[in-house]
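Undergrad: Provided herewith is a single structure, encoded as C-alpha cells, for subsequent inquiry.
Nothing in this text is a laboratory measurement; each read-out follows from the coordinates by a stated rule. Predicted model only: the values in this text are computed from it and were never measured. Counting neighbours? That spans all protein chains shown, and the Cβs are built from the backbone with ideal geometry, glycine included.
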Amino acid sequence: MRRLVAAVGTVDGTPENADRLLSHDEIVLVLPGGLREALKPRELRYRLLWGQRYGFVRAAIRNQAPIIPMASVGADDLFDLVGNAYTRGERWLRRNGVPIPLPSRILPIPHFVQLSFIFGEPILPRAGLDEADNPAVVHRLRREVEGALHELIESELARRSGIPIE
C-alpha cells in the first residue's frame, strides 16, 4: 500500500517533509483526521476528529503559508459504518492502530451520493515564524481553520436541504 500511495505523490506527514514542500512553493494537502475520520461511524458524520493534531498549523506558521480549508460533503454518506473501527481492530487483532471498519449491512455497499468539494478563503497565519511553538497561537489558528470548515460543511448541507443561504 505504501508504494501505491507514494506513486501518486503521497509522503509521510513529517515536519521535515512539510517544510521541504512548502519551502518549494508546493501545494500540500493535509488530512488531519486521517483514516480515523474516514472510517467514523454514521453518528459522527460531518464531525472533525483531529484529536491533538496541530502539525499542519505549525508548518503553515513556520513557512508563512496560507491554509485553504477544503470540505468534502457527501463522503460521510457513502457507507454506513458502525462502531469504532480502531477499538474493534485492537480487540479482534490485539494490535493498536489497525482499523477494522464494520458496515451496518452484510456487505459494504456504497450509497449513491453527490460528492462536493468546497474550498474556503485562504487563512493566513497572523503569527511570526518564531511563534510556531507557541501553544496559544497554534491553538487559535487551528480553531479558525476548524470554524471555517464547519461553516463550509453547514452551508453545503443547508443548500442541499433547500434552505436558503445568505
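Undergrad: Would you be able to say whether some residue in the range 42-49 is crowded, with 16+ Cβ neighbours inside 10 Å and in contact with a strand residue (DSSP E or B) (Cβ under 6 Å, 6 or more places away or on another chain)?
TA: no
Undergrad: What are the residues in the range 102-144 that are within 30 Å of R58 (Cα to Cα), in contact with a strand residue (DSSP E or B) (Cβ under 8 Å, 6 or more places away or on another chain) and free of Cβ contacts under 8 Å to residues at least 40 places away in the same chain, if any?
TA: Within the range 102-144, just E144 meets the criteria.
Undergrad: Any residue in the range 29-48 that's closer than 27 Å to G9 by Cα: show its pairings with residues that are outside any loop (DSSP other than H, G, I, E, B) and of a type in the set (V, I, T) at Cβ separation under 6 Å, as long as the two are six or more apart or on different chains.
TA: Y46/I153
Residues checked against (1) closer than 21 Å to L141 by Cβ; (2) part of a helix (DSSP H, G or I); (3) touching a Phe, Trp or Tyr at 6+ places or on another chain (Cβ under 6 Å):
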{"position": "A6", "(1), (2), (3)": "no, yes, no"}
{"position": "D12", "(1), (2), (3)": "no, no, no"}
{"position": "N17", "(1), (2), (3)": "yes, yes, no"}
{"position": "L21", "(1), (2), (3)": "yes, yes, no"}
{"position": "I27", "(1), (2), (3)": "yes, no, no"}
{"position": "V30", "(1), (2), (3)": "yes, no, yes"}
{"position": "K40", "(1), (2), (3)": "no, no, no"}
{"position": "W50", "(1), (2), (3)": "yes, no, no"}
{"position": "V57", "(1), (2), (3)": "yes, yes, no"}
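Undergrad: Here is a further query. So if I check each of F79, F112, which one is more than 20 Å from the chain's Cα centre (by Cα), of a type in the set (F, W, Y), under 27 Å from L152 (Cα atoms) and assigned to a loop (DSSP other than H, G, I, E, B)? Explain how you work it out, then say what you get.
TA: On the way: F79 fails: more than 20 Å from the chain's Cα centre (by Cα).
Only one candidate passes the filter, namely F112.
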